[in-house]
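The values are calculated or read from the model by the stated rules, or taken from the named source; none is laboratory data. Bear in mind that the values here come from a model prediction, so they are computed numbers and not experimental data. When we count neighbours, we look across all protein chains shown, and the Cβ atoms used for this are built from the backbone with ideal geometry, even at glycine.
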Amino acid sequence: MANGFSGARICAAFAASASFFSTAPAWAQLGQPRDWQLGFQEGVTPIARQMIVFHDFLLVLITVITLFVLALLVYVALRFNKKANPKPSKTTHHTLLEVAWTVVPILILMVIAVPSFRLLFAQYDFPEADVTVKAIGNQWYWTYEYPDNGDLTFDAVMLEDDELKPGQPRLLATDNDVVVPVNKNVHVLITASDVLHNWTVPAFGVKVDAVPGRIIRTWFRAEKTGIFYGQCSELCGQRHAFMPIAVRVVTEAEYAIWLEKAKKEFASAPSGKDELASKNASQLAELTR
Ligand SMILES: [Cu+2]
């Protein structure tokens with residue numbers, strides 16, 4: 001196009017601004033929210049990245065549609081008001097226009113449906129599991145089991161402000177992290193022991209309800225090492241906001257070392273859960289006093 005302001009260029013500009021808002025800059029810390037953040041945390045799994053691309057695409061599309069409708073409204077208000085157009089046309093039908101405003105939205109919906117279904121199928125297309133982790137939601141902490149590794153199980157309880165080590169984010173860090181190897185397919189089996197919870201890790205593009213008496217499965221393949229934080233995302237009671245999820249993605253060698261250590265450590269160690277239970281009980285006693 002000769003005018004230098006073609007539709008493609010406008011789309012590219014929108015796409016650039018959309019991805020500016022929804023992907024973290026290089027300096028941002030992976031796996032946790034940052035100050036003044038707009039849009040998503042950086043995706044570190046193929047699914048999370050596909051979600052962000054789909055989101056950016058929809059943002060461009062709805063922006064173009066909204067601006068188009070706004071332009072039509074402004075045009076109608078100015079061009080066809082009583083003063084500017086005292087003798088209105090008596091036209092009631094226009095076949096071509098009616099076909100167009102039916103067909104064009106159908107085409108737009110189809111353009112949305114194709115990547116939407118592709119993403120949905122990708123989420124439910126489970127690759128063979130390298131590691132399986134079971135996450136059990138409790139009021140108000142998570143229990144993790146590694147069913148491939150005997151009876152390895154532990155609780156992950158949120159660290160209170162005075163327990164945080166330097167660099168650990170408030171309300172997100174836990175006493176025990178879920179540890180998984182990088183670039184491996186991790187299946188997560190999610191359930192709950194009491195009420196509905198939800199196992200959510202934004203950087204993995206994972207958000208799955210934890211339903212008592214039912215196991216729901218999801219998967220992720222983290223392609224970067226680091227600690228990735230999430231939170232319970234289903235209102236589950238008084239301390240709903242205080243049962244975070246911390247997943248530490250490590251190299252395969254580090255994972256093997258951790259497994260050996262964890263098997264010994266969690267075989268006998270008392271868990272933070274007991275402490276939490278007594279804290280919950282005392283809070284409840286205070287409330288009902
Ligand atoms: Cu919960």
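For beta carbons closer than 7 Å, sequence separation of 6+ or different chains, a first residue in the stretch 81-99 that is modelled with pLDDT of 90 or more and a second that is not aromatic (Phe, Trp, Tyr), the qualifying pairs are ALA84/LEU78; ASN85/ARG79. Looking for something away from the ligand (no atom under 16 Å from the Cβ), surrounded by fewer than 17 Cβ atoms within 10 Å (Cβ to Cβ), part of a loop (DSSP other than H, G, I, E, B) and at pLDDT 70 or above - is there at least one such residue anywhere in the stretch 259-280? The answer is no, given that none of the residues of the stretch 259-280 is away from the ligand (no atom under 16 Å from the Cβ), surrounded by fewer than 17 Cβ atoms within 10 Å (Cβ to Cβ), part of a loop (DSSP other than H, G, I, E, B) and at pLDDT 70 or above. Here the condition is being out of contact with any Leu (no Cβ under 8 Å at 6 or more places or on another chain) and within 13 Å of ALA246 (Cβ to Cβ); of PRO105, PRO169, it holds for PRO169 alone. Output the residues belonging to the stretch 143-175 that are under 16 Å from PHE228 (Cβ atoms), touching a residue at least 24 places away in the same chain (Cβ under 8 Å) and in a loop (DSSP other than H, G, I, E, B). Passing the criteria: PRO169, LEU171, LEU172, ALA173.
Here the stretch 239-258 is the region considered, the condition is being in contact with a helix residue (DSSP H, G or I) (Cβ under 8 Å, 6 or more places away or on another chain) and hydrophobic (A, V, I, L, M, F, W, C), and the residue that is surrounded by the fewest Cβ atoms within 10 Å (Cβ to Cβ) is VAL250. Could you please let me know if LEU159 is over 31 Å from the mean Cα position of the chain (by Cα) and aliphatic (A, V, I, L, M)? Spelling it out, it is not the case that LEU159 is over 31 Å from the mean Cα position of the chain (by Cα) and aliphatic (A, V, I, L, M).
Yes or no, residue by residue, for (1) of a type outside the set (Ser, Thr, Tyr); (2) modelled with pLDDT under 95:
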residue	(1), (2)
PHE68	yes, no
LEU73	yes, no
ALA113	yes, no
THR132	no, no
ILE136	yes, no
PRO147	yes, yes
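Among residues of the stretch 46-101 being over 30 Å from ASN185 (Cβ atoms) and polar (S, T, N, Q), the one that is surrounded by the fewest Cβ atoms within 10 Å (Cβ to Cβ) is THR92.
All of (1) without any contact (Cβ under 8 Å) to a residue 12 or more places away in the chain; (2) not in a helix (DSSP H, G or I) hold for ILE136 with one exception: (1).
Within the stretch 230-242, residues that are over 20 Å from ASP177 (Cβ atoms) and more than 8 Å from the ligand (Cβ to nearest atom) have Cβ atoms under 9 Å from residues that are of a type outside the set (Lys, Arg) and in a strand (DSSP E or B) in no pair, counting only partners at least 6 apart in sequence or on another chain.
Across the stretch 218-228, the number of residues qualifying as closer than 10 Å to ARG248 by Cβ and in a strand (DSSP E or B) comes to 3.
The sole residue among ILE190, ILE215 that is of a type in the set (Val, Ile, Thr), at pLDDT 95 or above, assigned by TED's automatic domain parsing to the domain that holds TYR141 and within 16 Å of the ligand (Cβ to nearest atom) is ILE190.
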